[in-house]
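One structure is given here, and the rest of the page talks about it.
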Amino acid sequence: MLVCNILLALSVMTNGGLDENAKGTVKGYKNGNRYSLAVATIHQRDTRGAPLLLSIKAAENFRDMTAAAARDGFFLGVVSAYRPHWKQHQLKRERGNLAAKPGWSTHQQGASIDIHGTTRTIKGKKYRTILYWWMKRNAKNYGFYNDVEEETWHWTYVENGPPEKRVRKKTEVTNPDDYI
């Protein structure tokens with residue numbers, strides 16, 4: 001298993017065909033206001049095959065964190081990163097309170113990622129995985145924090161220390177596919 005994780009991480013770190021310096025500008029949103037957001041690829045692709053993006057500083061730190069995780073035998077598989085406004089609208093319609101209001105999601109700031117494999121269900125009971133505990137211990141060294149406690153997969157880049165914890169309304173969230 002460790003060898004598989006390392007090989008998978010190495011394939012991601014060697015780009016899988018993505019330009020290491022792929023950068024651009026997208027429409028970001030913060031507190032409901034649109035602005036120009038400089039982004040870079042994190043060397044992974046979404047389910048449609050499009051490169052996943054983060055703000056430039058978050059992407060640089062995420063790539064460093066990915067390398068550190070690979071050295072420790074972990075692969076940081078990203079389910080979701082930067083999200084355009086149309087996608088946030090779609091998620092809000094589909095998922096209701098499980099999705100942030102369009103224009104207010106930290107994904108739209110290029111700051112948040114959703115990591116696959118941070119929980120596992122065994123006999124109907126949900127457990128945090130060793131990957132989650134690795135992230136909890138190490139992600140802060142790269143500026144990433146689990147800022148929504150109920151969402152073990154949601155990690156947000158904050159340049160100047162930990163953000164305030166946000167709490168979701170009392171809605172049952174079972175996995176990152178329910179809230180992205």
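Here are the numbers:
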{"item": "Listed residue pairs exceeding 20 Å between alpha carbons, taken from LYS27/LYS92; LYS30/LYS92; LYS30/LYS57; LYS30/LYS140; LYS27/LYS101", "result": "LYS30/LYS140"}
{"item": "Chain lengthening between TRP104 and LYS27 when straightened (0.36 nm per residue, less Cα-Cα)", "result": "26.4 nm"}
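Here, each number is a calculation from the coordinates, and none is a lab measurement. Remember, it's a predicted structure, so these values are computed and weren't measured experimentally.
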